[in-house]
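The values are calculated or read from the model by the stated rules, or taken from the named source; none is laboratory data. Note that the structure is a prediction, hence the values are computed from the model and not measured. Here Cβ is always computed from backbone atoms with ideal geometry, including for glycine, and neighbour counts include all displayed protein chains.
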């Protein structure tokens with residue numbers, strides 16, 4: 001956005017200089033023409049000096065009017081171009097914001113599913129250990145039923161991860177985000193030795209990295 005403002009300022013500065021030069025040259029041309037007519041009035045059909053002055057006034061008015069028309073046209077074209085450019089910038093910014101929201105939505109879905117997977121695995125280990133250690137038949141039945149009801153998979157997380165890779169793989173500023181996402185997916189979430197506090201810290205880090213990327217993506221793109 002800053003670069004566009006500088007571009008507009010330079011554009012108007014050039015336009016003003018062009019207008020001033022046009023007026024200056026037009027006035028000089030009118031003066032030279034009138035002086036020439038006055039100097040060579042013996043060769044013209046203009047009878048006296050008052051007619052020459054009137055002619056000079058008409059020429060000058062015509063030149064100024066013509067310059068005014070040119071200025072109005074140039075300003076109109078410049079204003080139209082400026083409005084079109086602003087619309088393009090607004091459209092581009094909306095697309096960037098929409099893209100960032102999609103990334104945040106995918107990360108949110110990923111975190112929800114991968115967290116469920118992590119806690120599901122921990123619950124499964126807990127129930128299995130308890131089942132192996134108990135001698136109570138009724139408790140064994142209860143534990144087996146709960147184990148059977150457990151649905152442990154990370155299919156949604158896998159889908160979200162692939163979607164994120166496809167969207168971000170060509171964006172250089174997303175390298176850190178993708179690298180940490182792969183770390184959470186391939187190392188943290190499947191490590192049985194990772195404690196709950198450590199796992200949650202990695203999730204918070206992923207959220208922070210995602211937020212920083214989206215914020216930077218919008219800000220940097222707006223300057224281009």
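Pairs linking a residue in region 205-216 that is in contact (Cβ under 8 Å) with a residue 40 or more places away in the chain and in the same structural domain as residue 181 (by the TED database) to a residue that is surrounded by 14 or more Cβ atoms within 10 Å (Cβ to Cβ) and outside any helix (DSSP H, G or I), with Cβ atoms under 9 Å and 6 or more positions apart or on different chains, are 213/171.
Condition test on residue 210, is it at pLDDT 95 or above, within 13 Å of residue 103 (Cα to Cα) and assigned to a helix (DSSP H, G or I)? Judged against the criteria, residue 210 is a match.
Kindly check whether there is at least one residue in region 134-148 that is loosely packed, with under 12 Cβ neighbours inside 10 Å, out of contact with any helix residue (DSSP H, G or I) (no Cβ under 6 Å at 6 or more places or on another chain) and under 23 Å from residue 198 (Cα atoms). No, region 134-148 contains no residue that is loosely packed, with under 12 Cβ neighbours inside 10 Å, out of contact with any helix residue (DSSP H, G or I) (no Cβ under 6 Å at 6 or more places or on another chain) and under 23 Å from residue 198 (Cα atoms). Counting only helices (runs of 4 or more DSSP H) that sit wholly inside region 121-184, those with at least 2 residues that are farther than 26 Å from residue 203 by Cβ are 137-149. Evaluation of residue 194 against the conditions (1) part of a loop (DSSP other than H, G, I, E, B); (2) closer than 14 Å to residue 107 by Cβ shows that the sole unmet condition is (2).
Pairing residues of region 87-108 that are exposed (fewer than 11 other Cβ atoms within 10 Å of the Cβ) with residues that are modelled with pLDDT of 85 or more, at Cβ distances under 7 Å and at least 6 apart in sequence or on separate chains, gives no pairs at all.
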